[in-house]
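S.K.: One structure coming up, written as structure tokens, with questions to follow.
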Amino acid sequence: QDGRDRDHPIERPTARVLAVDPARRVLLMEGKTAWAPGFTPGGGLEPGESHEAAARREFWEETGQRVDVLGPWVWTRSHVWEGAG
């Protein structure tokens with residue numbers, strides 16, 4: 001199974017960055033699907049990588065900007081994707 005149903009889940013830890021500017025605007029990346037029209041920069045952890053390291057790497061890969069200091073961890077979510085990928 002592909003891990004997209006409750007009977008056959010696969011774990012895929014991810015890290016995302018809420019990039020907020022001084023005007024309190026949040027950076028959203030433009031999505032290409034109806035189910036993800038906008039999303040925060042981030043993605044899956046590499047084997048052995050911490051959430052913080054993944055957040056920095058993914059932010060760099062998706063925006064071209066380096067982030068040296070991360071703020072606090074603000075949210076944890078667990079989700080099971082269901083349906084065809």
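The values are calculated or read from the model by the stated rules, or taken from the named source; none is laboratory data. Just so we're clear, the structure is a prediction, and the values are computed from it rather than from any experiment. When we count neighbours, we look across all protein chains shown, and the Cβ atoms used for this are built from the backbone with ideal geometry, even at glycine. SASA here: full protein model, heavy atoms, side chains in, ligands and nucleic acids out. Shrake-Rupley method; radii C 1.70, N 1.55, O 1.52, S 1.80 Å.
S.K.: What nm distance separates the two modelled labels at HIS51 and ALA19, each placed 7 Å from Cα along Cα→Cβ?
M.R.: 2.1
S.K.: What three numbers, in Å, describe the spread of the alpha carbons of the chain along their principal axes, ordered from the longest?
M.R.: Extents along the principal axes: 43, 32, 22 Å.
S.K.: Angle between the Cα long axis of helix 51-63 and the longest principal axis of the chain, 0 to 90 degrees, nearest 10?
M.R.: Between helix and principal axis, roughly 80 degrees.
S.K.: Probe radius 1.4 Å, ligands and nucleic acids ignored: give me the carbon and sulfur share of the accessible area of the chain as a rounded percent.
M.R.: Working: 3670 of 7010 Å².
Here it works out to 52 percent.
S.K.: A further question follows. In segment 31-54, which residues have a backbone nitrogen under 20 Å from the label point lying 7 Å from TRP75's Cα in the Cα-to-Cβ direction?
M.R.: Within reach of a label on TRP75, which here means backbone N under 20 Å from a point 7 Å along Cα→Cβ, segment 31-54 contributes 31-45, 51-54.
S.K.: Using a probe radius of 1.4 Å on heavy atoms only, what accessible surface per residue do you get for the chain? Whole Å² is fine. Don't jump to the answer; show the numbers that get you there.
M.R.: Numbers: 7010 Å² over 85 residues.
On a per-residue basis, 82 Å².
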